[in-house]
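Working notes for the structure below.
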Amino acid sequence: MTQPLVPGQRPARCVMVLGTTSGAGKSWLTTALCRYYSNQGLKVAPFKAQNMSNNARVVAAPGEQFGEIGSAQYFQALAARAVPDVRMNPLLLKPEADTKSQVVLLGQVSDELSQLPWRGRSQRVWPQIAAALDALRAENDVVVIEGAGSPAEINLHASDVVNMRVARHAEARCLLVTDIDRGGAFAHLFGTWALLPEEERALIAGFVLNKFRGDEALLAPAPQMLQDKTGVPVVATIPMQWNHGLPEEDGVFDMRSTAAGAVHTRIAVVAYPRISNLDEFQPLKNVPGVRMSWARSPADVEGADWIVLPGSKATAADLAWLRAQGLDAAIAAHAARGGRVLGVCGGLQMLGEALIDTVGVDGNGPGLGLLPLVTSFEATKTVRPTRQCFGAVQGAWRHLAGVAVQGYEIHHGQTAQHPAMAASGDVARELMPGLAWQNPAGNVLGLYLHGLFEDAAVLRALFGADAPTLDAVFDRLAAGIARHFEPGVLDALAVQ
């Protein structure tokens, strides 16, 4: 008989979500578990030792500082009803090229670690990773841990700091999730289990089939056959039609909208190769009358009411890509017709006259020339939460005038008026000091503030509507796993 869950137990029991592949469903399942256990009255924290993503959030760091963690862990903390902090994702890798990443350790950029090869880095960072996990275990009843990729990447096993090394350290009870829609799910589960050393296989408490279509009865006898071979039961089958509703972390999300109503606003968001913080546009999918799409060619922005240039981890390189696609001319023509253009962070920098980099952070180059601004890159990164009020916004964006907005900043660049153009009278209207500007015509807006569309006041000002709250999404996720997991399994995983 399952023991009751009792708040205040120490150290925390760790429940870990592993996957047979990237994209199997680890992040959303971890989020759902965080809210499920929180709903049981337990104190819960999420944890992912190492995340590779250019989608980051600003959270509390030691010494009254602010730092960065992956967006997935930020949302998992909110699902757990916990205050997000850097220990929940102690190592964040932000890709800048195919073979280069910026390393963020406990919220702060480490130039030294960024220069080290991947295998040489792992031993340097493990003590901090273990200490962060131990601290969270000491403060909580349950820690829900997310793995990365697959735990059975045998070429990486010796230098692993995110999967089974974490599982062993935490004595975690592990769920192994697979995407059955891709085909070969039972082979994926068995192969992953078989490649693990025996002591690590013993930590696998259950298999989860995710994204299932059809009649669950047709799966028999495969689940029992798999259990006969491994000793591990299939503890949940999650249906494909269950839309989790969370912001995507690993790539551009699909273009299907859950919003109702006649379309009044078509928004094209440019999806350049090093796009960052794309998760902040998720609410646009759910605003009635709004249709959002991703743009990679001039044809993709035809008919758009807005064109959005999002953040970038490599502004100069993404701007060069944008030009190579012919999107620069398409954006300029759209703006010349009076169409709305919005640039966020790296997108703001692209809208200016020039990018100036004397410290080797990003790169030099001419901007799109839609705002009379110049961006200079600095070695020090600005990372902070921000609450500001829009000033006297005019023109197409006038409904934002006076609206207070809360968001966050993550940028190396500092942007200011172009001196020569200012002298000639070509001046951008500054709407927030050092943070937001618009062109004299009023249809081009650029700002450093991330999270604009996550602010309910902004959605009401721009669209006269609200999007569903994340809290409602978290509760729906928790209720869903309670339905689809075998009875008693979730509670048993969290019992000491």
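The values are calculated or read from the model by the stated rules, or taken from the named source; none is laboratory data. Values in this document were obtained by computation on a predicted structure and should not be read as measured data. In this analysis, Cβ positions are derived from the backbone assuming ideal geometry, glycine residues included, and neighbour counts consider all displayed protein chains. The accessibility values were calculated without ligands, DNA or RNA, using every heavy atom of the protein model including side chains. Shrake-Rupley method; radii C 1.70, N 1.55, O 1.52, S 1.80 Å.
General remarks:
- Within the stretch 434-449, tally of residues that are within 29 Å of the chain's Cα centre (by Cα), in contact (Cβ under 8 Å) with a residue 24 or more places away in the chain and surrounded by fewer than 17 Cβ atoms within 10 Å (Cβ to Cβ): 0
- Some residue of the stretch 223-239 being of a type outside the set (Gly, Ala, Ser), modelled with pLDDT under 95, more than 21 Å from Asn163 (Cα to Cα) and open to solvent by 20 Å² or more (accessible area, probe 1.4 Å): yes
- Inter-residue pairs, beta-carbon under 9 Å, first modelled with pLDDT under 85 and in the stretch 452-469, second aromatic (Phe, Trp, Tyr), 6+ apart: Ala467/Phe453
- Residues of the stretch 160-179 that are of a type in the set (Val, Ile, Thr) and in contact with a His (Cβ under 9 Å, 6 or more places away or on another chain): Thr178 alone.
- Test: Ala472 is surrounded by fewer than 14 Cβ atoms within 10 Å (Cβ to Cβ) and within 22 Å of Asn277 (Cβ to Cβ): no
- Taking helices (runs of 4 or more DSSP H) as the structural unit, those lying wholly within the stretch 75-180 and holding at least 1 residues that are open to solvent by less than 10 Å² (accessible area, probe 1.4 Å), under 19 Å from Cys14 (Cβ atoms) and at pLDDT 95 or above correspond to 118-139, 164-170.
- When the test is whether a residue is of a type outside the set (Gly, Ala, Ser), within 15 Å of Val44 (Cβ to Cβ) and crowded, with 20+ Cβ neighbours inside 10 Å, Leu452 does not pass it.
- A count restricted to the stretch 374-415 and to residues that are out of contact with any strand residue (DSSP E or B) (no Cβ under 6 Å at 6 or more places or on another chain), farther than 30 Å from Leu92 by Cα and either in contact (Cβ under 8 Å) with a residue 24 or more places away in the chain or open to solvent by less than 30 Å² (accessible area, probe 1.4 Å) (or both) stands at 7.
- Candidate set: the stretch 42-74, residues that are open to solvent by 20 Å² or more (accessible area, probe 1.4 Å), within 14 Å of the chain's Cα centre (by Cα) and more than 22 Å from Pro283 (Cβ to Cβ); chosen: the one modelled with the highest pLDDT: Gln50
- Ala299 falls short on exactly one of the conditions (1) buried (at least 20 other Cβ atoms within 10 Å of the Cβ); (2) closer than 20 Å to Arg266 by Cβ, and that condition is (1).
- On inspection, Ile307 fails the criterion of being in contact with a Lys or Arg (Cβ under 8 Å, 6 or more places away or on another chain), at pLDDT below 95 and open to solvent by less than 10 Å² (accessible area, probe 1.4 Å).
- Of the strands (runs of 3 or more DSSP E) lying entirely inside the stretch 9-71, the ones with 1 or more residues being of a type in the set (Phe, Trp, Tyr) are found at 44-47, 65-70.
- Annotation note: Cβ proximity below 6 Å between a residue of the stretch 322-336 that is at positive phi and a residue that is assigned to a helix (DSSP H, G or I) (sequence gap 6+ or interchain) occurs for Gly326/Pro298.
- Residue in the stretch 423-433 that is on the phi > 0 side of the Ramachandran plot and open to solvent by 20 Å² or more (accessible area, probe 1.4 Å) present: yes
- Scope the stretch 181-208; condition surrounded by fewer than 22 Cβ atoms within 10 Å (Cβ to Cβ), in a helix (DSSP H, G or I) and touching a helix residue (DSSP H, G or I) at 6+ places or on another chain (Cβ under 7 Å); matching residues: Phe186, Phe190, Trp193, Glu200, Arg201
- Taken over the stretch 276-310, the criterion of being under 23 Å from the mean Cα position of the chain (by Cα) and assigned to a loop (DSSP other than H, G, I, E, B) is satisfied by Asn277, Val287, Arg296, Pro310.
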